[in-house]
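> If you scroll down you'll find the structure; I have some questions about it.
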Amino acid sequence: MIKLRHSLPLLLLIACADLAYADCDYDDFPRMDGMLVSSLGASVQWNHTPLQGRTFRVSATVPRVKEFYAQQWPDEVDFSEFNDWDQILHINERCIMMIQVKAQNDRYSYGRMSITNPPQAGGGGEPLGSGMPVPPDAQVISDMRSDDVIREGRLVLILNDENIHATRAWYEAELLNQDWNLDHRSQQDNAVVLTYSKGRELMTVGLLRHADKTQVLLNRMDR
């Protein structure tokens, strides 16, 4: 599950950016020595657009993979967890790059690499955030879906004009009305994390107040 303390500020760069990037491709993606890379089917979508995916295998532990990319992207990398994957996220002026990695054994790691180029305007289709709890008049910035063989996941980033207390109250009432059970609440001055469960589903609601907006990060997955 996403470690909101680290992930939310960097993900908010997506909301602040104008997405006027030039496309990037896998020639721009740093690779470790001996990393074996192959094509990946479109099992992940961002804003209804399949990510350009690759799988990889490398003779290195997960901490070593994370260390490598921290060195490649100093001060521009974010580490999180999503659907049991260690996740490495990098945003630059051209695109978004992501690595999801797991340990295969004591010596090898495997995973997938993805690149997100900006979506084209006027794509139409299902609205972003459809089926997720989105406050009235809030703006959905990013909608990522991940469909694994065993588990499905959804990660949605939202901006809301209401303050953090009103937004928290809305989510607590709305999710109670949708029969979600509140398992845990963590609250600081400008940040709130709510953890819910319903049957085999889990949902984390992360709230952060920044620049007169309340940012909401919804992480929903099967368990």
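Read the figures in this text as sums done on the coordinates, not as results from a lab. Note that the structure is predicted; figures quoted are calculated from it, not measured. Glycine also receives a Cβ, built like all others from the backbone with ideal geometry; neighbour counts cover every protein chain displayed.
> Translational D (Stokes-Einstein, µm²/s) of the stretch 139-222 at 37 °C and 0.692 mPa s when Rh comes from the Kirkwood sum over C-alpha pairs?
Numbers: Rh = 13.3 Å.
My calculation gives 248 µm²/s for D.
> Can I ask one more? Work through the residues other than residue 213 whose Cβ is under 13 Å from its Cβ and net out their charges, Lys, Arg +1 and Asp, Glu -1. Before the final figure, lay out each step's value.
Details: positive: 209; negative: 137, 161, 162, 212.
That sum, taken over residues with Cβ under 13 Å, equals -3.
> Another one. Would you please give the residues with an amide H less than 5 Å from that of residue 104, counting only those at least 5 places away or on a separate chain, with H modeled from the backbone geometry?
HN-HN under 5 Å from residue 104: 109, 110.
> How large is ³J(HN,Hα), in whole Hz, for each residue of the stretch 192-198 in order, when computed from phi with the Karplus curve 6.51 cos²θ - 1.76 cosθ + 1.60 and θ = phi - 60°, using x for Gly and Pro?
9, 10, 10, 10, 10, 9, 7
> Quick one: net charge around residue 178, please, counting Lys, Arg +1 and Asp, Glu -1 for every other residue with C-beta under 13 Å from its C-beta.
-2
> If you take every residue apart from residue 130 with its C-beta less than 12 Å away from the C-beta of residue 130, what net charge results, scoring Lys and Arg +1 and Asp and Glu -1?
Within the 12 Å Cβ shell, the charges total 0.
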